[in-house]
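Here's the structure we're looking at; comments come further down.
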Amino acid sequence: MTAGAAQAVPALRPGACQLWWASAGDAHPRLRELLDEGGRARADRLRQPAARALHLTAHALARTVAAAQLGTPAATLSLAAVCKRCGGPHGKPQPPLPLRLSWSHSGDRVVVALSLGTEIGVDVERIAPFAPETAGRVLCAPERTVLAALPAVRRPEGFARYWTRKEALLKATGDGLTVPPELLHVTAPDAPPRLLSWSGPERPRLPLHLYDLDAGPGHLATLAAFGAPVRLTQHDGSALLAAIGASTSGPETSCHPALTAAERPLAS
């Protein structure tokens, strides 16, 4: 284990949410060994090098930080995905309880969120040219009015802010895009993040909390917590992945932090 990796993943505490940031440039071949068979197969199906780099970085980082908390090898970590609507093998990845996990990648940025007990959802988006047709499909009428009132130069960022808030909320509840995003009404891009209304019969009964995040130049990100607020801590996923790549003893020995069994959310 390298010295950097040994101290890079702190013990996760109740009520906290760790946010791990990395980029596509952090991808390197040794990270492939941290993925399970399905993750490697999905990476092989991606034809664009940039898409493969984002996939590899996001999945390796998510498995590394979750496995470190559980004291298990990253490649053997169980991340079951079960759809909350049909029970099929798809949907939000779920590590062993009480650990909760969400990740996202877009443009050059990767973010992984980790909590204990509280369901979370995180979304990062590259600020892309404004597409009125997309905004018309996913924003509700009040949001479209606010966006139209912005100067044209601010609409790409305004739309990205709306979208990251909605996507984070739908990830946190486990609904994903089975719930049309236009049913959610969130605050204006310049206002503190908050869910104003959720139309339709499936509105969540528990409160939803939103946190806008600093994702770096050209990107926006939001975290949602379902049921209880969380305390956010920021962490350097790039350094963690670099330490894994620099290790001479192999990824599986470099990805475990110095957590005793008593410090782990689940004792081994």
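We did not get these values from a lab; they are worked out from the coordinates using the rules stated. Keep in mind that what you see is a predicted model, and the values were worked out from it rather than measured. Backbone-built Cβ (ideal geometry, glycine too); neighbour counts: all protein chains shown.
Some notes on this structure:
- Treating r as the C-beta distance of residue 214 and residue 133 and R0 as 35 Å, the FRET efficiency rounds to 0.75.
- Size of electric dipole in the range 120-229: Cβ of Lys, Arg +1 and of Asp, Glu -1, about Cα centre, debye, nearest 20: 140 debye
- Taking amide H atoms as placed 1.01 Å from N in the peptide plane, the amide H of residue 127 lies under 5 Å from those of 219, 220, each 5 or more residues away in sequence or on another chain.
- Short-range pairs are left out: with C-alpha atoms under 8 Å and at least six residues apart, the relative contact order of the range 120-229 is 36 percent.
- For the chain, the spread of Cα coordinates along the three principal axes comes to 57, 38, 32 Å, biggest extent given first.
- Distant-in-sequence amide H partners of residue 187 (H built 1.01 Å from N, under 5 Å): 194, 196
- Viscosity 0.692 mPa s, temperature 37 °C, Stokes-Einstein D of the range 120-229 from Kirkwood C-alpha radius, µm²/s: 237 µm²/s
- Karplus-based coupling profile of the range 169-178, in residue order and whole Hz: 4, 5, 6, 5, 7, x, 7, x, 7, 5, with θ = phi - 60° in 6.51 cos²θ - 1.76 cosθ + 1.60 and x standing for Gly or Pro.
- Residues 83, 17, 140, sorted so that the one with the fewest Cβ neighbours within 10 Å comes first: 83, 140, 17
- Choice from 118, 173, 233 with maximal GNM fluctuation in the chain (Cα, 10 Å cutoff): 233
- Dipole of the chain [Lys/Arg +1, Asp/Glu -1 at C-beta], most positive-end residue of 78, 128, 198: 198
- Computed over the chain: relative contact order in percent, which uses C-alpha pairs under 8 Å that are six or more apart: 29 percent
- 3J(HN,Hα) from dihedral phi, the range 24-34, Karplus parametrisation 6.51/-1.76/1.60, rounded to Hz, x for glycine, proline: 4, x, 7, 5, 8, x, 5, 5, 4, 5, 7
- Charge dipole of the chain about the Cα centre (unit charges at C-beta), most positive-ward option of 148, 113, 51: 148
- Label positions at residue 37 and residue 197, each projected 7 Å from the Cα along the C-beta direction, are separated by 5.0 nm.
- Degrees separating the helix 237-246 axis from the principal Cα axis of the chain, which is the longest one: 30 degrees
- Projecting the Cα positions of 169, 232, 138 onto the charge dipole of the chain (unit charges on Cβ atoms of Lys, Arg, Asp and Glu, taken about the Cα centre) puts 138 furthest along the positive direction.
- At 1.567 mPa s and 4 °C, Stokes D of the range 112-181 from Kirkwood alpha-carbon radius, µm² per second: 99 µm²/s
- In degrees, nearest ten, helix 49-70 long axis to first principal axis of the chain (Cα): 60 degrees
- The chain: most fluctuating residue of 93, 142, 217 per GNM, C-alpha cutoff 10 Å: 217
- Ranked list, fewest to most other Cβ atoms within 10 Å of each Cβ, for 105, 28: 28, 105
- Lys, Arg +1 and Asp, Glu -1 on Cβ, resulting dipole of the range 1-153 about Cα centre, debye, nearest 20: 240 debye
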